[in-house]
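Down below is the structure, laid out as structure tokens.
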Amino acid sequence: MHRSHPTTTRRKHLLKEMMEDDYALPTEQQQIVRVIASRGNNLHEVETPEEDTFLVSMPCKFRKNLWVKRGDFILVEPIEEGDKVKAEICKVLTTDHVKEYTKAGIWPALFAKKKEEEEKPDHSDSEDDLPPNTNRIGQEQGETSSEEDETTEDED
């Protein structure tokens, strides 16, 4: 008989809680922010729609089960004792959350603009503009073909 491992079951429930599809709108205390950098020790630097930046912490119960990366939108709740760390993550927002919040008219305009800018392709970084990689020793195409010619001549 196969029983699921207790940590696997716990992880499943924590992820469901954190990423739940209940698109409930943020409470008055909660705030939508965007992750701009990970600072280690389960701390992340975030940016508000007013372009203020501060640190938020990952709650202990989510630490080994959930990861956030730069550019992710999260819902945070302020913490009382916060001096440098001013809030705690309560939910990671998915694209569906963003759509629902936009429909409800509560998605921050600054984040909507930045999202559009990120989605536009930037043609200035084409591969032709890249400098050659000097860390690799490249062979000229001509050398390879002349070596092949020499081996065929020796065989004759």
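The values are calculated or read from the model by the stated rules, or taken from the named source; none is laboratory data. All figures in this text were calculated on a predicted structure; none of them were measured in a lab. Every residue, glycine as well, gets a Cβ built from its backbone with ideal geometry; the counts of neighbours run over all protein chains shown. Surface accessibility is based on the protein's heavy atoms, side chains included, excluding ligands, DNA and RNA. Shrake-Rupley method; radii C 1.70, N 1.55, O 1.52, S 1.80 Å.
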* State all residues of the range 47-95 that are touching a residue at least 40 places away in the same chain (Cβ under 8 Å) and assigned to a strand (DSSP E or B); if no residue qualifies, say none. => PHE73, ILE74, LEU75, VAL76, GLU77, PRO78, VAL85, ALA87, ILE89, CYS90, LYS91, VAL92
* To do: Run PRO131 past the list (1) more than 30 Å from LEU43 (Cβ to Cβ); (2) modelled with pLDDT under 70; (3) open to solvent by 100 Å² or more (accessible area, probe 1.4 Å); (4) not hydrophobic (A, V, I, L, M, F, W, C) and report the number of the one that doesn't hold.
  => (2)
* Checking GLY82 against (1) touching a strand residue (DSSP E or B) at 6+ places or on another chain (Cβ under 6 Å); (2) modelled with pLDDT under 90; (3) of a type in the set (Gly, Ala, Ser), which single condition isn't satisfied? -> (1)
* Got a sec? Which of LYS114, LYS99, LYS91 is charged (D, E, K, R), under 21 Å from the mean Cα position of the chain (by Cα), open to solvent by less than 70 Å² (accessible area, probe 1.4 Å) and at pLDDT 75 or above? -> LYS91
* To do: Name the single residue, out of those in the range 66-79 being open to solvent by 20 Å² or more (accessible area, probe 1.4 Å) and out of contact with any strand residue (DSSP E or B) (no Cβ under 6 Å at 6 or more places or on another chain), that is farthest from ILE106 (Cα to Cα).
  => TRP67
* Asked: Residue check, HIS44 against (1) open to solvent by 70 Å² or more (accessible area, probe 1.4 Å); (2) within 25 Å of ALA109 (Cα to Cα), all met but one. Which one?
  -> (1)
* **In the range 59-88, residue nearest to the chain's Cα centre (by Cα) [restricted to those that are within 19 Å of LYS12 (Cβ to Cβ) and of a type in the set (A, V, I, L, M)]** => VAL68
